[in-house]
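Q: For reference, the structure I am asking about is given below.
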Amino acid sequence: MDTAAQTRVLDEAVYQYSTLTAADQLERLTKVVSFGVLGAIAGDHVREFEQQVAGHLGRQGAVATSSASAALELLLRCLPQREAAERVVIPEVCWISVPAAVLRSGRTPVIAPATSDLTPHWEQIEPLLDARTTVVILAHMRGRPAPDTQRIADELAQRGITFIEDCAQAWGVTLDKQPVGRHGLAAVFSTETHKLVATGEGGVIAADDSQLLHALRAVGGNTRIALPENACGRGNDRMSEITAASALPQLIHLDVLQQTLRPLQDKLIDRFQDLSEVRRVLPTMVGESPNLGTDASNGSLVGVWLPTSRHANRVADRLFRLGVRHWWPGPGDPHLAENWPSTPTTTTRCVADMACYLDIQVPVLDESQHPAFLDLLRSALRLDDNESESA
Ligand SMILES: Cc1ncc(COP(=O)(O)O)c(C=O)c1O
């Protein structure tokens, strides 16, 4: 394939999905800015965003925040400390601010190893539980559900351990045909730049317990609400009206976006499955693996497991030079527990070598350009004979 054709296809690829609803966002933003109704506490857009999120998830309510990190910190701050030295199990692959939120709440993070779907299963979590474990956080990674969520939620409920879903990367992700974020005490989502609902920064917590929702609002900075008796002060974790005005059209457009992404995602999976270099493709085709099919993913990514970390590094390098959006968790990546400061690591062995994993973002691209994009990706994943020998 000639270089000019490659450049053309990438010129037309839309990676920043938020731009697709720019007109609707601008209409709302113009109103917010020109009427000067900026206050989040009484703001219409924040309230509407919270209602839409709760309705979409089937939760009682939601509280919009300045980021998912702030949401997690606020949530942990609002949970009563039951033990003197509480432990919180968190996944080995999530984001560096997750252990920080646990530490700031006065608890100790304990790391549960990730399997090849990038999440721990009950088998990885159960051995870590003891009398001091009061909370488990599970993250749905890379636009796919954590496949063992239901079992983990059930087992923890039996033991009286609080379960929190980290859905920062999981807008539009489903499990058993329902959106993720419905299990356990609460779920947090992010609206950071690279998410499917992207406002630069932002987050939201969804929950069912009205006392908890009240505490989150009060402690998070809604000064019109009385602080609960044992709350340790009031901070400011609020989402702004401007952020909510930008988020709303994207949330409303989420289904359409996913339907737009799916055909190219399917074709990429099909192509990658045929490559001898690729050990496993995620998500799988519908029906191939329970809870990991394309219909459960949000359509935005295709992940591959490659034979060696050198191979993955080479492919990542090529994609970077081409300008194809991708993620390779190489050395120092802040998603990996090995790179989190002052986090005690567990003795449990890692189940997967994350440096062999790589995922590629599915752009919004006219169907006529799909063949060119697929050829480009297919050749980027292949190693020539010289490279194969050294990889
Ligand atoms: C799994 C996960 N959890 C939490 C966060 C934190 O989100 P935020 O950037 O909104 O604070 C991220 C951010 O990307 C994430 O990927």
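Q: Mind checking which pairs have a first residue in the stretch 194-209 that is without any contact (Cβ under 8 Å) to a residue 24 or more places away in the chain and farther than 17 Å from ALA40 by Cβ and a second that is outside any strand (DSSP E or B) and more than 10 Å from the ligand (Cβ to nearest atom), Cβ under 9 Å, 6 or more apart or different chains?
A: Going by the 9 Å Cβ cut-off, the qualifying pairs are HIS194/GLN16; HIS194/ARG325.
Q: Right, another one. Mind counting the residues in the stretch 196-227 that are out of contact with any helix residue (DSSP H, G or I) (no Cβ under 8 Å at 6 or more places or on another chain), of a type outside the set (Gly, Ala, Ser) and in a helix (DSSP H, G or I)? First the steps, then the outcome.
A: Of the residues in the stretch 196-227, the ones out of contact with any helix residue (DSSP H, G or I) (no Cβ under 8 Å at 6 or more places or on another chain) are 208-211, 213-214, 217-218, 221-224.
Those left that are additionally of a type outside the set (Gly, Ala, Ser): 208-209, 211, 213-214, 217, 222-224.
Pick out the ones that are also in a helix (DSSP H, G or I) and you get 211, 213-214, 217.
Of the residues in the stretch 196-227, 4 are out of contact with any helix residue (DSSP H, G or I) (no Cβ under 8 Å at 6 or more places or on another chain), of a type outside the set (Gly, Ala, Ser) and in a helix (DSSP H, G or I).
Q: Check VAL173, VAL188 and return the single one that is within 15 Å of the ligand (Cβ to nearest atom), more than 25 Å from THR260 (Cβ to Cβ), β-branched (Val, Ile, Thr) and crowded, with 24+ Cβ neighbours inside 10 Å. Break it down into steps so the answer makes sense when it comes.
A: Working: VAL173 fails: more than 25 Å from THR260 (Cβ to Cβ).
Answer to the selection: VAL188.
Q: Restricting attention to helices (runs of 4 or more DSSP H) lying wholly within the stretch 1-95, give those where 3 or more residues are farther than 26 Å from ASP237 by Cβ.
A: Numbers: elements: 3-12, 22-35, 44-57, 68-78.
It comes to 3-12, 22-35.
Q: Quick test of your reading of the structure: ASP208 fulfils all but one of (1) within 12 Å of the ligand (Cβ to nearest atom); (2) surrounded by fewer than 18 Cβ atoms within 10 Å (Cβ to Cβ). Name the failing condition by number.
A: (1)
Q: Which numbered condition trips up LEU213, out of (1) closer than 28 Å to PRO80 by Cα; (2) within 12 Å of the ligand (Cβ to nearest atom); (3) surrounded by fewer than 23 Cβ atoms within 10 Å (Cβ to Cβ); (4) not polar (S, T, N, Q)?
A: Among (1) closer than 28 Å to PRO80 by Cα; (2) within 12 Å of the ligand (Cβ to nearest atom); (3) surrounded by fewer than 23 Cβ atoms within 10 Å (Cβ to Cβ); (4) not polar (S, T, N, Q), the lone unmet condition for LEU213 is (2).
Every read-out reported here was derived from the displayed coordinates using simple, explicitly stated rules and does not represent laboratory data. The model shown is predicted, which means the values in this text are computed figures rather than measured ones. Methodologically, a virtual Cβ is constructed for each residue, glycine included, from the backbone with ideal geometry; neighbour enumeration extends over all protein chains shown.
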